[in-house]
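Pasting a structure here, questions to come.
The values are calculated or read from the model by the stated rules, or taken from the named source; none is laboratory data. Because the structure is a prediction, the values reported are computed rather than measured. FYI the Cβ positions are ideal-geometry reconstructions off the backbone, even for glycines, and counts take in every protein chain you see.
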Ligand SMILES: *Cc1c(COP(=O)(O)O)cnc(C)c1O
């Protein structure tokens, strides 16, 4: 067994195990919380938490809270309409050129703000060989799809052989150019990024068939030397790594924290891609930051922080309606050719377009 598999076996998964790190006040409530979504914290992430600080950002992200039992009427079971746009099992096709494929619903660590908690939270089985055949047939019938996003759950918790099965199937479809993997493994289980895995990813990429990884760091405290090393291995192998994650109350809803996060990532050659408005998943309201505040935070970063480190702030609309950027309105149209545009330093600049 490999080191990462041993670490997976040693995750904190029960309240009794968690109690060795932090006192649990209302066990009945907590049992109810875990009935909605399981608990798992990897040994790597446990080591990064300061359990003496109740506001530790990593603790808030992975230790269950009885606030998860408070549902608001606006919160939804399927917050971004995964089901609404699913033509066959384990596949969501919302945009013309790309599909989501759910390779597994298992995760090394269950994030307490998960938007797919109804799937990941229960031990939902992943796709069978028959399901995988059907997915490949769907891709052959839809040549307009040139990108497959392996998601879940966390695809990199699969064994190398299972990943190879996915890659060989996907590469057998000539119209699929890009394979993208959405994973938190580089954050929570960096030992999974073995030389063998990197070799496998490299074997299924070439100069015009790239392998992209989109990972999910939310706070600078999540970046330890092991994480830096795991990312360096991937980037050195020619894999393009991006980062996305939600804006979370009490965790990263602060432009100074986000500046630190985005710069650390950029220094690791990870491209900050999306900062998400938290999806309306049930029992996540204690993490939610108002859109107005999110826009203000991004505005504070614009101009202050190097452009290559700035992600787009986006919202995924309920009902499978799609993602759109959220941004301050810098541009105000005055007449047909005259605009007033706000500078990143708060100055209003008149801008007139030359006549056509
Ligand atoms: C978010 C999402 C994608 C990926 O969108 P990008 O903007 O390309 O990152 C693709 N399909 C679905 C259904 C999604 O929800």
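Given the conditions (1) within 16 Å of the ligand (Cβ to nearest atom); (2) crowded, with 18+ Cβ neighbours inside 10 Å; (3) not in a helix (DSSP H, G or I), and given that residue 83 satisfies all but one, which numbered condition is not satisfied?
(2)
For region 9-30, name all the residues that are touching a helix residue (DSSP H, G or I) at 6+ places or on another chain (Cβ under 7 Å) and part of a helix (DSSP H, G or I).
Hits for region 9-30 are 15, 27, 29, 30.
Then there's this: Considering 209, 216, which residue is in contact (Cβ under 8 Å) with a residue 24 or more places away in the chain and under 25 Å from residue 141 (Cβ atoms)?
Numbers: 216 fails: under 25 Å from residue 141 (Cβ atoms).
Unique residue meeting the criteria: 209.
Rundown of residues vs (1) under 30 Å from residue 180 (Cα atoms); (2) outside the structural domain of residue 283 (by TED's automatic domain parsing); (3) away from the ligand (no atom under 16 Å from the Cβ); (4) within 22 Å of the chain's Cα centre (by Cα), yes/no style:
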residue	(1), (2), (3), (4)
26	no, no, yes, no
34	no, no, yes, yes
45	yes, no, yes, yes
62	yes, no, yes, yes
78	yes, no, no, yes
91	yes, no, no, yes
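Here is a further query. Looking for something in a strand (DSSP E or B) and under 20 Å from residue 132 (Cα atoms) - is there at least one such residue anywhere in region 187-208? Let's see the steps before the verdict.
Restricting attention to region 187-208, the residues satisfying the condition of being in a strand (DSSP E or B) are 206.
From the residues that got through so far, the ones that are under 20 Å from residue 132 (Cα atoms) too are none.
No: zero hits.
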